[in-house]
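Readers should treat all values here as calculations from the given coordinates under stated rules, not as data from a laboratory. Every value quoted in this text rests on a predicted model; they were computed, and no experiment measured them.
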Amino acid sequence: MRVVEATKGEIIKGKDVYPYEIKNDKVHIKLPFYVDLKKFTDALIEKNYFVANDPEETDSQGWGKWYDAEGYYPYWLYEEGYCHYFAFPPEDYKLVPEPGAVPKHVPVLGTKAIEEFFRWLLVLKEAVTREPARLQK
C-alpha cells in the first residue's frame with residue numbers, strides 16, 4: 001500500500017471504499033454502514049474507554065483512554081446527513097513553510113492514521129445496526 005498525502009480522498013481496501021476528509025485537524029471518514037450508538041457505547045465501556053455522551057440522548061459519541069471532565073476526547077462517531085462518520089486526530093503531519101515564521105504542522109492522512117482507522121473499524125463493525133431506513137444518502 002502506498003500512502004498519498006491529501007486532505008480529501010478515499011481509503012480503498014479490497015471492495016470497500018471509505019471517503020475521507022481532513023478538517024478541523026481531524027480525519028473524518030464516512031462509514032458505509034450505520035452504527036447502533038448504544039451497542040457501540042457499551043462495547044467501548046466494556047473495553048475500559050471513557051465516553052462523552054449518553055447514547056440515548058444524542059447522535060454522537062466521543063471516547064478516549066482517559067477521563068476528560070469537559071468531554072474533549074480524541075475519537076468521535078457522529079451522524080451527518082443520515083450517515084455515520086468516524087473522526088480522530090491523524091498523528092501524521094507534514095511541515096509547511098511559513099514565510100517569516102516557524103513552519104506549520106499540517107495534518108495529513110498517513111500510515112499511522114490508516115492503521116488507527118482499521119484498528120477501530122473492527123469495533124465499529126461489531127455495532128452495525130440493521131435499520132435500513134437510516135442508511136439513506
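Against the longest alpha carbon principal axis of the chain, how many degrees, from 0 to 90 and to the nearest 10, is the axis of helix 111-126 turned? It is inclined by approximately 10 degrees. Above 21 Å, the calculated P(r) of the chain contains 45 percent of its Cα-Cα pairs. On a 0 to 90 degree scale, rounded to 10, what angle separates helix 37-46 from the longest Cα axis of the chain? Rounded to the nearest ten degrees, it is 80. Cross-link partners of LYS39 among aspartates and glutamates, defined as those whose alpha carbon lies under 18 angstrom from its own and excluding same-chain residues fewer than eight positions apart: ASP54, GLU56, GLU57, ASP59, GLU79, GLU126, GLU131. Over the range 8-130, Cα pairs under 8 Å with separation of 6+ residues give a relative contact order of 24 percent. For the range 21-92, the direction-averaged projected area of the alpha-carbon convex hull comes to 5.3 nm². Dividing the summed helix terms, -39500 (n - 2.57) for each DSSP H run of n ≥ 4, by the number of residues in the chain produces a 222 nm estimate of -6000 deg cm²/dmol to the nearest 500.
Which entries of LYS26/LYS47; LYS8/LYS94; LYS26/LYS65; LYS13/LYS112; LYS8/LYS47 show an alpha-carbon separation above 20 angstrom in the structure shown?
With Cα atoms farther than 20 Å apart: LYS26/LYS47; LYS8/LYS47.
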